[in-house]
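The values are calculated or read from the model by the stated rules, or taken from the named source; none is laboratory data. As the structure is a computational prediction, the values presented were derived from the model and not from experiment. Cβ sites come from the backbone with ideal geometry, for glycine too, and all protein chains shown count toward neighbours. With ligands, DNA and RNA removed, areas are computed over all heavy atoms of the protein, side chains included. Shrake-Rupley method; radii C 1.70, N 1.55, O 1.52, S 1.80 Å.
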Amino acid sequence: MHDTGKILAGLAVFLALATSPLWYASLARSSAAAPRLDLPAAERRCVLPREVIRASHMQLLDEWRTQVVRDGQRDYVTPDGRRFDKSLTRTCLKCHSNEKNFCSRCHDYAGAKPVCWNCHVKPEDIK
Amino acid sequence: MNALVSLIVVAVLTAVAVAGAGARPSAFVLGIVVPYAAAAVFLLGIVIRVLRWARAPVPFRIPTTCGQQNSLPWVKSSPLDNPHTALGVAARMALEVLCFRSLFRNTRSELRDGPRLIYAENKWLWLGAMTFHWSLLAVVVRHMRFFMEPVPFPVLFALRMDGILEVGVPVVYMSSLGLLAAAGYLLARRLLSPQLRYISLAADYLPLFLILGIAGSGILMRHFTKLDVIAVKELAMGLSTLQPALPEGIGALFFVHLLLVSSLLAYLPFSKLMHLGGVFLSPTRNLANNNRMKRHLNPWNPPVRVHTYEEYEDEFRTLMKGAGLPLEKEPK
Amino acid sequence: MTEPKLKPDEVASIDYVVPPEGWTRTLPDLRKGTFNYGANPKSAQYLGLPNPRAWQPMEADWKLPPDWQRIVLEGLRERLSKYRSLQVFMDVCVRCGACADKCHFYIGSGDPKNMPVLRAELLRSVYRNDFTAAGKILGSLAGARPLTIDVIKEWFLYFYQCTECRRCSVFCPYGIDTAEITMMGRELLNLLGLGIDWITTPASNCFRTGNHLGIQPHGFKDSVDFALDDLESIFGVRVEAPINKKGAEILFVVPSADYFGDPHYFGFLGYLALFHEIGLDYTLSTFASEGGNFGLFHSSEMMKRLNAKIYAEARRLGVKWIIGGECGHMWRVLHQYMDTMNGPADFLEAPVSPITGTPFENAASTKMVHIAEFTADLIKHGKVKLDCSRNDHWRVTFHDSCNPARAMGLFEEPRFVLKSVCNNFFEMPENTIREETFCCGSGSGIGTDENLEMRMRGGFPRANAVRHVHEKHGVNLLACICAIDKATLPPLMEFWVPGVQVAALHELVGNALVMKGEKRTGDLRGQPFAAEKGGKKDA
């Protein structure tokens, strides 16, 4: 007995799963391009260099939160001597007031859900 | 010795990736050509191997029965460990594939003075294997976030569940730790137990070192050295959409990760890792114990030389007659 | 034998330490007591087997045909294309080691090549070398090794140190069945004429006379007559046992040891007494005078050749269906192979018990019912009068024979029968019974005195569990439903657990049976019942 039908069906399921990125991309008409962000018009410099912010902003925000909530430490001095308030809403969102076209673009693209909005209100929602 | 050979293979692969990451043409090969080639070998290799298995028939129905058979109506049978229906077989296979039912039976025998043999529960291997395989599955599903845009719900759900403990920023996935710990355990038992070391081939260490390398580099990138995940997803989506391109700003460690993954994929169809397909085709598990209920056919069932009753009676007729046994033909 | 006598203490001082060098570098040690002698050329010739010649494993020259390598590799190629099991089992083992200490031969010998995983690697290494790309390119690095004479000797040693009991396959996460590997290994060895005599000669007897012992029809008749006389003296009733009777409803097939061996014979008396009491219309056959099948231990072809007579005789005698007696490997063949090989049995009827009217639906196609199933049904329906106290001189435990356990799942039927016929029944520890039962250590055709040491080693786990209930509950009888068990457990018990006897399930049934008009003098062994010995009945 060969059970060829069952084996071919099993192989078909395996192939469908294993090639899912290919047919999903084609069905969803995905583009390979990275998302484009709405960058602030006025300010060109963030608190840290762009690469560092890209890779580690979640850790910076996490440190800020701890220092503010636990120790009441609110002053942040950048390596190049600029001073900022350690605040998501008053510092970050001042420039990046468009969560939908800034934060979410990359976060959705990477499938990473930020926990910021568990407590904070999104700037768009204030209006 | 066998472990060392495998470790050297993984070290060489790592060195190749580090060396190749620096220059753009070699990074193109590592980031695009190698993954495509590995995926092709993986898919084709598995299909060919499974078809080779499929070509050989299952001449006899030989389930290993691990529970009471279905016989008299008042005898309670064991539908999961000794199924006699297709549904029961499906359930037995599901238990085997999803829960490692057979490994769960594992015991350890020990010879004490007396002499006395005792058997103790031994679920560590089962626990290690379950942690290893389920973590691996979670890791693979999680990584689909790089290959699919928009990220589909099941992948998001897996990400959410895997990070549900919300420890650390970015979140530490349970599967990262599970995979690392379980692969470490599987390696340690192979190295530490003299009996296991005795039976282990280089081919037994290689997948473990590859997976440890993959998990280690992945964890390093996510939590320590950091990298631009947007660029990584661009690379992955280029592969998914068949419009490959090599974005700037991807570090050497990522190429190490990718080369080890590619090696593992390409190696899989030629290795013991084919148990991923073979477990479904094992005739001692995937057949119903309905042997006397339903005839099983053997496609090559050959005619054989038998000893017929006529030949038998011809040889013993006189003796049979003398013993008063009934005969087909009276002796002359 | 001139060798020093084996001592349990010495056999039990087992060293589980592995050699420092890799297993491919240790040569097979053909030490006396661990292997079986080569097949008698006359038997091999009678069966038409290749390369019949006088040879012995301890001789340096095994007198192989000149192109032996080609024969083995071609044979392996052919079997890979015929058996998916072999293909898959060659490819998927991960060497996790879960099987290692599940094998009675490994537990009892400490020889790492008796770990099921390594036993399979003996064959797998050759498969890799000649049939896989990795093995061809990477050689020993990929676990491959070329086929040499030493490999063949190693196969001979270790494929005849496996009883095909399938205990390892219960624990394997992929269900890899060493019995399949061993069967293939033995088939390949047999292509070179490397069979053992304890398998080849019984097979040749069986082919000629219908049974392994070579008992000719008049001898069979004598044995049965002898049994009928014994029954008359025990029960005071003259019992009939038809032989070669055309038109009987049922053909009854037993292993030949049942009417020739001790203690099998008492079980045979039990069958005959029971069938008489219920008035069963059955017949024995001198031609189908063996349900057992040493072909199973030789090759699938030999199995089919020896098995063919059962359906052929059922057809000739015009019976409706078949009952099979107590035998382990016989039931592996009947349950998992007979219908496929020699069926369809469309000239028979689906079995229905003429006494209770119960249809044996689980045997509707093969049309052959296990005696334990048949008797359990009888007892359940109250069709026989039983007096359990007649077994009160026994404190009984039950040994699940490998094949009915792991190739059928026949667990409850014999237990129900046992509990219905005796008052004192005690189970052995749970890791040693049912699907986890331990082999007698002498199955699959290797139950001779030649390899006695290996048998005592292999039987050690079984004996150890018996000793546990012997010490704890005073068990003095090991009941079983396998002819090889009945032949090989008595010496095993004598070696490890003196004071425990071995009996057929149906011996105990016969003891308890209250026959109409009987004038009982004692049990089937001719001993007085416990009550009459002055023993207290503790029902």
Computed over the stretch B:46-123, protein heavy atoms only, probe 1.4 angstrom, the accessible area per residue in square angstrom equals 43
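Any chance you could count the Lys pairs in chain B whose alpha carbons are under 26 Å apart, treating pairs 8 or more apart or on different chains as valid? Before the final figure, lay out each step's value.
Working: B:76/B:294; B:123/B:272; B:321/B:329; B:321/B:332.
The number of close lysine pairs in chain B is 4.
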Only helices counted: for chain C, with every DSSP H run of 4 or more residues adding -39500 (n - 2.57) and the sum spread over all residues, [θ] at 222 nm is -13000 deg cm²/dmol
On a 0 to 90 degree scale, rounded to 10, what angle separates helix B:34-55 from the longest Cα axis of chain B? 10
Protein-protein interface of the stretch C:309-338, residues with accessible area decrease of at least 30 Å², isolated chain reference, 1.4 Å probe: C:316, C:335, C:336, C:337
Burial of 10 Å² or greater, the stretch A:29-50 residues [accessible area, probe 1.4 Å, versus chain by itself]: A:30, A:31, A:32, A:34
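Tell me the Kirkwood radius of the stretch C:204-512: reciprocal of the mean inverse pair distance over distinct alpha-carbon atoms, in Å.
Averaging 1/r across every pair of different Cα atoms and inverting gives 19.3 Å.
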In nm, to one decimal, how far is the residue B:160 label point from the residue C:222 one, both placed 7 Å along Cα→Cβ? 8.5
The stretch C:237-323 -> Rg/Rh from Cα coords, Kirkwood Rh, value 1.00
I need the calculated FRET efficiency for the pair residue B:43 and residue B:294, taking r as the beta carbon distance and R₀ as 45 Å, to the nearest 0.05. 0.80
Compare the peptides C:67-77, A:4-14, B:146-156 by average per-residue count of other Cβ atoms within 10 angstrom and give them in order, highest first. B:146-156, C:67-77, A:4-14
Per-selection metrics, the protein assembly as shown (Cα): Rg and Dmax in Å: 34.3, 124
With +1 assigned to the C-beta of every Lys and Arg and -1 to the C-beta of every Asp and Glu, and no other charges, what is the dipole magnitude of chain B about the Cα centre in debye, to the nearest 20? 400
Which whole-number percent gives the relative contact order of chain A, counting Cα pairs below 8 Å spaced six or more residues apart? 22
Considering only protein heavy atoms and a 1.4 Å probe, what is the carbon-and-sulfur percentage of the accessible area of the stretch C:295-381? 47
Among C:526, C:267, C:483, which residue has its Cα positioned farthest towards the positive end of the charge dipole of chain C, with +1 placed on the Cβ of Lys and Arg, -1 on the Cβ of Asp and Glu, and the dipole taken about the Cα centre? C:483
What three numbers, in Å, describe the spread of the alpha carbons of chain B along their principal axes, ordered from the longest? 101, 52, 44
Just to verify a number: FRET efficiency for residue A:125 and residue B:52, C-beta to C-beta distance, R0 = 60 Å, to 0.05? 0.50
What nm value, rounded to one decimal, do you get for the distance between residue C:134 and residue C:518 when each label is placed 7 Å out toward the C-beta? 6.3
Give the interface area between chains B and C as buried accessible surface, both sides summed, probe 1.4 Å, in Å² to the nearest 100. 8800
To the nearest 10 degrees, the tilt of helix C:149-159 (Cα long axis) against the first principal axis of the alpha carbons of chain C is 20
Residue B:90 versus residue C:229: modelled label distance in nm, points set 7 Å from Cα along the beta carbon direction: 6.2
Degrees between helix C:300-317 axis and first principal axis of chain C (Cα, 0 to 90, nearest 10): 20
Can you tell me which aspartates and glutamates have their Cα less than 17 Å from the Cα of residue C:5? Leave out same-chain residues fewer than eight positions away. C:449, C:450, C:453, C:494
Please report, in debye to the nearest 20, how large the charge dipole of the stretch C:449-539 is about its Cα centre when each Lys and Arg carries +1 at its beta carbon and each Asp and Glu carries -1 there. 360
